[in-house]
């Protein structure tokens, strides 16, 4: 397909006449043309198309239709129908009243083209460029971040269901690409066993029966893998992606033990399977992961939104990160800063909740990006700190130059040992002499052990100081006022949930899910820009009638 970048867009006279008759004052869709002049142009997508070939559907029209689709929470079919039937859409897309639009599959092809060329953020970047050109967005200032869960498009399954459905998925895939080969390799018994989807309703109920069913499924899966990788197997079979999924799921759920009687397939116990961050919970989306946060349990992804929150400008989403559900929030903080730096939109102050901050990130944000990261730190969980009457790590005087610590009783440490907590986090373990601790009159406030000496664990100097400053700042009124601004980003998430199904992806895979989140953010930015240009004030926090009554009296 080739692209005509010289195409011009002017609303046809008849389309404009009818649209103005129906909407004398315009509507949000029409104002995208009148106030923002369409947001994107064909030349913005010129690098996605070859120089020769049959003419492609205008990418600017497809981009705008996609933005409207996510703005209104429509499916591809509904969006294609809107192009044909809605006068405001025809007005924005500069189409004649008689134009029949395009097939709904073109929207999917457009999204696929964006992904194939690494251009998934192009529409979000276009909205940010638009805001910059109007002086509504710039670097510095304040931004805030938060995350929410995203349910995957697949169903949540038990381990037995996963292995049964994975083998069924592989058999169906091979039946499509190599039916004759698969027919020769399987028996009618397999068809009976794997015809219907794996479901707890159909699985054995006793533990013995369930284990036997799992082992038989494992044997069948290994048999299929051996046949598919044999020398005589067709190339389309050996290269099938479903077989790689089958292999990975089988490695996670089965063991092959070799004994005097030969190889024997065993079902792994629950403590032998990988952690949730690596475990494949569905063959249909091998990137989705299981996670829990408080009372929320889900399989799928997380989306992390960052938006501006300054007075005098609209709140615009500046970055979107999509991760698997098992990824912690603090693993994305540096990624967010790097993305904002690449866009030239680094804030002076970045506000986030406890999940996004830690001692290392305080230092990294300030030293690498010049960003003041604000958020509540995790408290000291040692009993001395929780009790409030004992000597916590903060009560010890630390001398990083001499590499020693002094306890509240005036005794100096005996050892200073750099180490790694949980194998990844640099820490310093400090221990005191047993003779000093045993004879100390302050021992009950320091340690509960009858014979052991006191030991404390601290961060490296820069992180230790950042944590000390951060915890001290949390006690101030200025911190409370600044951190209160973070709450507004939860309203942004709520808006995305209501308008664009932000918490439920209709797509399989991380790439398509992330693209949907970027489109949602771009659509929300456009809606906010339109309201700002129409002089609509930002919404204020809602209060009940009774609460407002007392506010007025005060």
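Every number in this text was worked out from the coordinates using simple rules, so none of it is lab data. Because the structure is predicted, anything quoted here is derived from the model rather than measured. No Cβ is skipped: glycine too gets one built from the backbone with ideal geometry, and neighbour counts run over all protein chains shown.
Taking a ≥ b ≥ c as the square roots of the Cα gyration tensor eigenvalues, with a/c under 1.5 meaning rounded and otherwise prolate when a/b beats b/c, else oblate, which class fits segment 230-273? Oblate shape, in that a/c is at least 1.5 and b/c is the bigger or equal ratio.
Label-to-label distance for residue 155 and residue 499 is 3.4 nm, based on points extended 7 Å past Cα in the beta-carbon direction. Rounded to 0.05, the FRET efficiency of the residue 367 and residue 296 pair, given R0 = 25 Å and the Cβ-Cβ distance, is 0.15.
A straight chain from residue 484 to residue 75 at 0.36 nm per residue would run longer than the Cα-Cα distance by 143.6 nm. The mean of 1/r over all distinct Cα pairs in segment 300-405, once inverted, gives the Kirkwood hydrodynamic radius of 16.1 Å.
Show log10 I(q)/I(0) for segment 383-473 at q = 0.13, 0.15, 0.17, 0.18 Å⁻¹, two decimals, from a solvent-free Debye sum over equal Cα scatterers. Here the Debye-derived log intensity ratios amount to -0.44, -0.59, -0.76, -0.85.
By count of other Cβ within 10 Å, fewest leading, how are 401, 106, 303 ordered?
Numbers: 401 6, 106 18, 303 26.
Sorted ascending by nearby Cβ count, the order is 401, 106, 303.
Spin-label pair residue 43-residue 547: with each label point 7 Å from Cα along the Cα-Cβ axis, the two points sit 5.1 nm from one another. Spin-label model, residue 534 to residue 429: label points 7 Å out along the Cα-to-beta-carbon direction sit 6.3 nm apart. Each residue of segment 166-213 gets 77 Å³ once the volume of the Cα convex hull is shared out per residue.
From the helices alone, meaning DSSP H stretches of at least four residues, give me the mean residue ellipticity at 222 nm for the chain, per-run term -39500 (n - 2.57), in deg cm²/dmol to the nearest 500. Can you show the working numbers first?
Values: 22 runs with 242 residues, N = 554.
The per-residue figure over the chain is -13000 deg cm²/dmol.
When each of 107, 442 is scored by the number of other beta-carbon atoms lying within 10 Å, the sequence from fewest to most is 442, 107. Considering segment 159-272, its Cα convex hull presents a mean projected area of 7.7 nm². Using 0.36 nm times the number of residues separating residue 27 and residue 389, minus their current alpha carbon distance, what extension gain do you get? Gain in length upon complete extension: 124.0 nm.
Rank-order 129-138, 217-226 by packing density, defined as the average count of other C-beta atoms within 10 Å over each peptide's residues, highest first.
Details: 129-138: 15.9, 217-226: 18.1.
So the peptides 129-138, 217-226, ranked by packing, come out 217-226, 129-138.
Spatial offset of segment 303-348 relative to segment 58-106 amounts to 30 Å, using the alpha carbon center of each.
Fully extending the segment from residue 457 to residue 469, taken as 0.36 nm per residue of separation minus the present Cα-Cα distance, adds 2.6 nm.
Using the 10 angstrom Cβ neighbour count as an exposure proxy, how do 43, 210, 54 rank, fewest first? It would help to have the intermediate numbers written out before the result.
Details: 43 13, 210 17, 54 6.
The fewest-first ordering by Cβ neighbours comes to 54, 43, 210.
Based on Cα atoms of segment 10-163, Rg over Rh with Rh as the Kirkwood radius reads 1.04.
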